[in-house]
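Everything below concerns the one structure shown next.
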Amino acid sequence: MNKEIINGEAKESLPQGEFFSIDKEDFSKVIFIAKKFAKTEKREWGVDSFGEKYYFSRKNIEFILNEGELEILATGKEDSILNFSLNQEVKKEGCFIVDAKILHRVLDSLLPGEINCRFVQKEEENPPHAVRDYLQIKSGRAEFNLITFTSPKMETLALPEGGPLFTISCGDFLEACKQVVFAASDDESRPVLTGVLFKVKENQLTFMAADGYRASKKVIDGVKANQDIEAIVPKKSLLKLSWLLSNVSKYRQKNPLEIYIDGDREKILFSHSDFKMISSLLEGKFPNLEEIIPKGWTTKVNVRTKELLDATRRTVSLYTPEKANVPIIVEIGNSKLEITTKQYDKGIYRDKTFISIENVEIEGKEEKICLNPVFLLDFLRSTKSKMVSFEIIYSLKPIIFKPADDESYLHMIMPIRMLE
């Protein structure tokens with residue numbers, strides 16, 4: 001590397017010349033994903049005339065250029081790291097940092113086709129004779145020069161020895177996340193409940209999440225696992241990973257997802273053919289949900305998913321989003337469901353909605369329950385099944401909701417005590 005002079009100090013500078021050429025659309029998509037993943041860094045810019053400091057923010061991503069490969073790293077929140085590997089012919093080696101927000105805006109303005117990236121050095125006016133590195137992007141007649149920041153050469157995310165803990169298809173993983181992650185808590189005062197339990201036992205993978213008022217469980221059989229293990233993965237990390245997998249083309253979603261856990265059980269690494277992502281694990285013991293899942297029922301209802309979804313949505317449509325969790329009362333009997341909600345303001349009756357669903361399959365005795373409609377809507381949106389069932393033992397015991405054609409998934413909601 002060359003030397004650059006900044007503020008009278010000699011610093012390492014990147015070698016000038018062309019580094020790589022890449023298709024604009026592919027490059028732009030990767031940078032967009034890295035930008036969304038990277039955390040925002042706030043830096044002091046200066047002081048105004050009133051003595052107040054003002055700042056600028058940027059989303060830094062790191063480029064690591066090795067012979068025959070281009071690595072892009074983005075550091076997110078919760079100590080998560082995203083690593084993209086692009087099989088590009090790299091003509092020179094180097095390591096630098098650039099603001100992803102600016103880079104993506106530049107790429108978004110270019111026409112489709114191949115772009116060339118190289119480094120140039122320019123002398124700054126202030127301070128005098130200071131030389132700075134720029135990433136120069138050329139496409140047709142367009143040319144952009146972006147400031148880069150020197151960086152020590154970082155190690156890319158290496159896969160742990162011994163092979164993956166288990167392997168799962170992207171489709172199964174995305175479905176499990178959709179059905180379980182929403183039930184995890186957002187309350188940081190109970191850290192264990194802000195994560196999802198991964199439990200591997202005898203080639204069976206179980207996802208579980210709970211927030212104290214509801215819980216979800218999804219079981220996937222036939223998982224190729226090296227050992228039995230339990231680990232709690234942060235909810236936010238799984239939401240990021242689900243978003244990443246959803247933005248991978250459908251063709252590449254057919255490639256499996258490999259999961260690794262380090263020997264100290266502090267980190268989990270997800271490896272896909274397009275990227276690698278690492279996240280911290282949560283410490284603590286996850287509640288034993290098996291002990292609180294009711295066994296048996298006294299009332300069982302089978303109802304069409306769309307009808308129950310539409311009825312619940314219409315019932316709460318009268319209220320603002322802040323009041324959308326106004327409890328609903330579900331009366332079960334005579335082959336129908338009657339869904340009612342009432343809104344009181346300072347003890348004075350204000351609003352009431354009533355919707356009935358006919359021709360419902362009901363087994364057992366008549367029942368009356370009170371639920372949080374937001375929890376019910378979350379479950380109904382998480383399943384593709386045309387029919388759902390729910391099982392009740394008693395109006396104050398947890399209620400089990402299941403897709404009628406999928407025994408591997410269940411959702412449990414705690415009912416609300418009714419005030420007569």
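Quick notes on this structure:
- Calculated FRET efficiency for the pair Asp262/Glu361, C-beta based, R₀ 56 Å, to 0.05: 0.70
- Surrounding net charge for Asp108, when Lys and Arg each add one and Asp and Glu each subtract one, Cβ distance under 12 Å: +4
- Listed pairs Lys178/Lys306; Lys59/Lys178; Lys42/Lys235; Lys300/Lys397; Lys24/Lys77 exceeding 23 Å between Cα atoms: Lys59/Lys178; Lys42/Lys235; Lys24/Lys77
Throughout, read-outs are computed from the coordinates displayed, never taken from laboratory work. Since the model is a prediction, treat every value here as computed from it, not as a measurement. Cβ sites come from the backbone with ideal geometry, for glycine too, and all protein chains shown count toward neighbours.
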